[in-house]
Amino acid sequence: QKEVEQNSGPLSVPEGAIASLNCTYSDRGSQSFFWYRQYSGKSPELIMFIYSNGDKEDGRFTAQLNKASQYVSLLIRDSQPSDSATYLCAVNIGWGFNKFYFGSGTKLNVKP
Amino acid sequence: GAVVSQHPSWVICKSGTSVKIECRSLDFQATTMFWYRQFPKQSLMLMATSNEGSKATYEQGVEKDKFLINHASLTLSTLTVTSAHPEDSSFYICSAPGLAGAYNEQFFGPGTRLTVL
């Protein structure tokens, strides 16, 4: 398996704060990067993807990609208790219908 | 988005029996599907790539004779866990890719919880 590393956490932030989740990957051939949210006992749900260096914003979420440093992050602004979940970083290597490799996930706790 | 279903959602079986899990793409065709396994508090581990009309390709360390994959149609892939043992108890999730391209999204099924007694 390709290496995708995440801090397992838990990461605790107060409600309304910014949560910052980080992910590093080992394969320089990685083309696209995804953040998924997974609640306990459920399958992952896509938050957003990014494939170009820089920032990509979608509502309260911002993904940041730095291919030179092999680093991708997810910022959650105005964190809500409902954001409490495990966040999985996934890397798609290559083009087309290629395989996803997941990090171990970071557990986020947003405290009211 | 596209919908992927799995059946059953949970199954309990005795050690030594075989269990079949179905993965269906409901409103789109999927020539490729992926099977993952997730142990408690761990991430999704890719097991194999299911290819319609051809043999599945397995990740290193996954026993192809134990985890049989059949992708008989453009909307159905099945995973059979043969001679299941308690260590095979896990959450099995399938996925199917969306549009072609480097950033194509994976649509995940709801998962199947397997418990082997």
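Within the stretch B:37-57, is there a residue that is among the aromatic types (Phe, Trp, Tyr) and either buried (at least 20 other Cβ atoms within 10 Å of the Cβ) or not in a loop (DSSP other than H, G, I, E, B) (or both)? Taking every residue of the stretch B:37-57 in turn, none turns out to be among the aromatic types (Phe, Trp, Tyr) and either buried (at least 20 other Cβ atoms within 10 Å of the Cβ) or not in a loop (DSSP other than H, G, I, E, B) (or both). Within the stretch A:19-48, residues that are β-branched (Val, Ile, Thr) sit with their Cβ atoms under 7 Å from residues that are assigned to a loop (DSSP other than H, G, I, E, B), at 6+ positions apart or across chains, in these pairs: A:Thr24/A:Gln70.
For B:Val62, indicate whether it is in contact with a strand residue (DSSP E or B) (Cβ under 7 Å, 6 or more places away or on another chain), of a type in the set (Val, Ile, Thr), within 13 Å of chain A (Cβ to nearest Cβ) and more than 30 Å from A:Ser52 (Cβ to Cβ).
Numbers: in contact with a strand residue (DSSP E or B) (Cβ under 7 Å, 6 or more places away or on another chain): yes; of a type in the set (Val, Ile, Thr): yes; within 13 Å of chain A (Cβ to nearest Cβ): yes; more than 30 Å from A:Ser52 (Cβ to Cβ): yes.
So B:Val62 passes the test.
When restricted to residues that are in contact with a Ser or Thr (Cβ under 9 Å, 6 or more places away or on another chain) and not in a loop (DSSP other than H, G, I, E, B), the stretch A:8-34 contains 9. Return yes or no: is A:Leu74 assigned to a strand (DSSP E or B), buried (at least 16 other Cβ atoms within 10 Å of the Cβ), more than 11 Å from chain B (Cβ to nearest Cβ) and touching a residue at least 60 places away in the same chain (Cβ under 8 Å)? No, not satisfied.
Just a yes or no: is a residue in the stretch B:60-83 of a type in the set (D, E, K, R), in contact with a helix residue (DSSP H, G or I) (Cβ under 9 Å, 6 or more places away or on another chain) and more than 29 Å from A:Ser8 (Cα to Cα)?
Let us first name the residues in the stretch B:60-83 that are of a type in the set (D, E, K, R), namely B:63-66.
In the following step, the residues that additionally are in contact with a helix residue (DSSP H, G or I) (Cβ under 9 Å, 6 or more places away or on another chain) were identified as B:66.
Filter once more, keeping what is more than 29 Å from A:Ser8 (Cα to Cα): B:66.
Yes: one or more hits.
Read-outs throughout are calculated quantities, based only on the coordinates presented, and are distinct from any laboratory measurement. Being a predicted model, the structure only gives us computed values, none of them experimental. Virtual Cβ from ideal backbone geometry, glycine too; neighbours counted across all protein chains shown.
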